[in-house]
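Okay, structure first, notes after.
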Amino acid sequence: MPVRQLTEAVINRIAAGEVVERPASVVKELVENALDAGARRIDVITEGGGRRRITVTDDGCGMTRPDLVLAVERHATSKLDDEDLLDIRTLGFRGEALPSIGAVAKLLITTRHADEPHAWALAVEGGRKGAPKPAALTQGTRIDVRDLFYATPARLKFLKAERSETEAIRDVMRRLAMTRPDVSFTFAGEERAPVTFPAADPTLLGSDHVGGTASSGRLRRLADVLGAEFSQNAVPVRGGRDGLFVEGFAALPTFNKANSLSQYLFVNGRPVRDKLLFGAVRAAYADHLARDRHPVVALFVEVDPREVDVNVHPAKAEVRFRDAGLVRATLVRALMDALTAGAGRAATTGGGATLAALRPQAASSVAVRPPSAWTTPRPGSWDWRGSPARPPGGADQAESDHDAFDPGGYDQALPPGFTALPQASFDVGPPSADARASAFQPRDMAPDAGLDERPLGAARAQLHETYIVAQTRDGIVIVDQHAAHERIVYERMKAALAAGGIARQLLLIPEVVELDEADVDRLVARAEELAGFGLVLEAFGPGAVAVRETPGLLGRLDVGALVRDLAEHLAEWDTTLPLERRLLHVAATMACHGSVRAGRRLRPEEMNALLREMEQTPNAGQCNHGRPTYVELKLADIERLFGRT
């Protein structure tokens, strides 16, 4: 086949295919143009998921008649002062959006510039341009796109359902709204109720910060977009060096998601999905989250436009940095500093989930027990009257609303001051808390009377030999003793490694652990690295290793279980991870085996010592696997559970 020149219509449709992938692409290009035009209010209306109609209205500067005629020509733009493609300071610059949209849809542009006596309108249908005509519009620009892809029907079959396309448009609006809290955005479609992101209060905005928007205004917009839970569990991120600045907010590790869709990254105000930036976020959270959980972040990177290439992707969704190492290191350091600053906090959702679990179910879902189940105690059921924690008084301490019950017909054989329902015996099961009055009376806690003013309060009880209940000034804290101590031991090991190595303890008799030959080979190959953590082992025949020394920080432990876990961990090592990260995974495994196990009964002084150490340990709000180490319940929330408020 001979070489031939393509027609103008085919060229335009090929270009349109690169820029206009789906209705969301159209919305993105048009809203970015509105932002570049200085708009402070942008309204987007769609029909049929954007297929039938997309209307974008803004109050920007608008265009003059000559500019309007040129705007629908390919490669015509007002956003480049010269031919320097390395100094891009606007969201759009290619000059392909409007002609590409007009090549595959019915496009009508109505715009008014301040220097024009009236507005002008120009129509483009399937690449055919009309003449500009006078129109009515007070300010800015209104772009109406109808019958998207009518000129290229084959593209329609690749679109998803209307609801899916609407959600894609909504996501575009959310991302763009995050970048500009000073702009009001409204999105309305047939599928859902309109969504409005009001502009932030001007008093919250300033210019002495990254991106030109103060943190308070930024966080308010993020709360509007991502929800109040994000703002309640977010810590500010700020850092930079060598002309590169990072600002934004990152959620606490205990506030995480099952996928990475809630990670929003921006470069010079442009939403991007860049592998380098996602990798930096993952590296910063690697010490805090389980492998299958993902953080929630909204981060804004500001860099000299000459240090980043935004022209590597037709939709400008990817970027390329001149100094990728600087960007990664700066982002990781800023995130780690932010997480360290908020290390003592646990996500507020933990307390909310706990309250939801404690609230009585709706009447329709409550299983009603037959009368015989209440009147006949089960064999071996616990009698509260024999409990060492039995209250000494009763009726004279009862509240007035309880006194309203008629005592007639009640069992009078109970201790003075106590009443029971007629012909009823409450079966509450055996006690599950080690909270005997003889050991936990407030007077016994007198030496620690001021501990309830501490962040994690004063220990009051241990439940199921696993959870510590502490009282704070305005609520209670429930601590998972194993998860909390695991984080403490892990941070000790990291500090010891940084200081020169972990102290070892020599075993009088080496412990032999039998394993598969492949596991033995992996352990022996890493013997030198494991020795740096205080674990000294060597091959002991074809299917076993002999452990001669263990980390002193871990104290007494199950050496066999530790070695087997390490062998499994080494088999799953991601060799692409830096050596430091792989070694920290080893430390995390060791810390898990060296921490206080669930099922161990603790004395009051031990529990308080654990709480105090948590308050001084970095990242104590979550264990090495990303689970919360404690849940806090405010007294007001507890009172609502009992109808006191």
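Between Leu137 and Leu507, what is the FRET efficiency for a Förster distance of 56 Å, r being their Cβ-Cβ separation, to the nearest 0.05?
Computed FRET efficiency for Leu137 and Leu507: 0.10.
Normalised by the residues of the stretch 8-188, what does the relative contact order come to in percent, with Cα pairs under 8 Å and at least six apart?
Taking the mean separation of contacting Cα pairs over the length of the stretch 8-188, I get 28 percent.
May I ask you to sort Lys133, Lys106 by Cβ crowding, counting other Cβ atoms within 10 Å and putting the fewest first?
The most exposed by this proxy come first: Lys133, Lys106.
Taking H placed 1.01 Å from N in the peptide plane, check which residues at least 5 places from Arg53 or on another chain put their amide H under 5 Å from its amide H.
Glu47, Asp147
Which entries of Lys275/Lys494; Lys28/Lys106; Lys257/Lys494; Lys28/Lys79; Lys28/Lys275; Lys79/Lys129 have Cα-Cα distances beyond 24 Å here?
Lys275/Lys494; Lys257/Lys494
Quote the FRET efficiency, to the nearest 0.05, computed for Glu465 versus Thr340 with a Förster distance R0 of 45 Å and r equal to the Cβ-Cβ distance.
0.90
Provide Glu639, Glu491 in ascending order of the number of other Cβ atoms located within 10 Å of each residue's Cβ, fewest first.
Least to most surrounded, the residues fall as Glu639, Glu491.
Lys/Arg Cβ at +1, Asp/Glu Cβ at -1, dipole of the stretch 103-152 taken about the Cα centre: which of Leu122, Thr110, Phe149 is farthest positive-ward?
In the stretch 103-152, that residue is Phe149.
Students often check this: by mean Cβ neighbours within 10 Å, which of 146-155, 504-513 ranks highest, and how do the rest follow?
So the peptides 146-155, 504-513, ranked by packing, come out 146-155, 504-513.
Evaluate the charge dipole of the stretch 32-163 about its Cα centre and quote only its size in Debye, nearest 20, assuming +1 on the Cβ of each Lys and Arg and -1 on the Cβ of each Asp and Glu.
880 debye
Could you please rank His288, His118, His569, placing first whichever residue has the fewest other Cβ atoms within 10 Å of its Cβ?
With the sparsest Cβ surroundings first, the list reads His118, His569, His288.
Under 14 Å from the Cβ of Gly62, count the other residues' Cβ atoms, weight Lys and Arg +1, Asp and Glu -1, and hand me the total.
Charge balance in the 14 Å sphere: -1.
Quick one: which residues, 5+ away or cross-chain, put their amide H under 5 Å from the amide H of Ser184? H built at 1.01 Å from N.
The list, which skips near neighbours in sequence, is Arg41, Ile42, Ala199.
Could you tell me how far the Cα centroid of the stretch 224-276 sits from the Cα centroid of the stretch 42-80, in Å?
That distance is 30 Å.
Every read-out reported here was derived from the displayed coordinates using simple, explicitly stated rules and does not represent laboratory data. In this text, all values refer to a predicted model and were calculated from it rather than measured experimentally. Here Cβ is always computed from backbone atoms with ideal geometry, including for glycine, and neighbour counts include all displayed protein chains.
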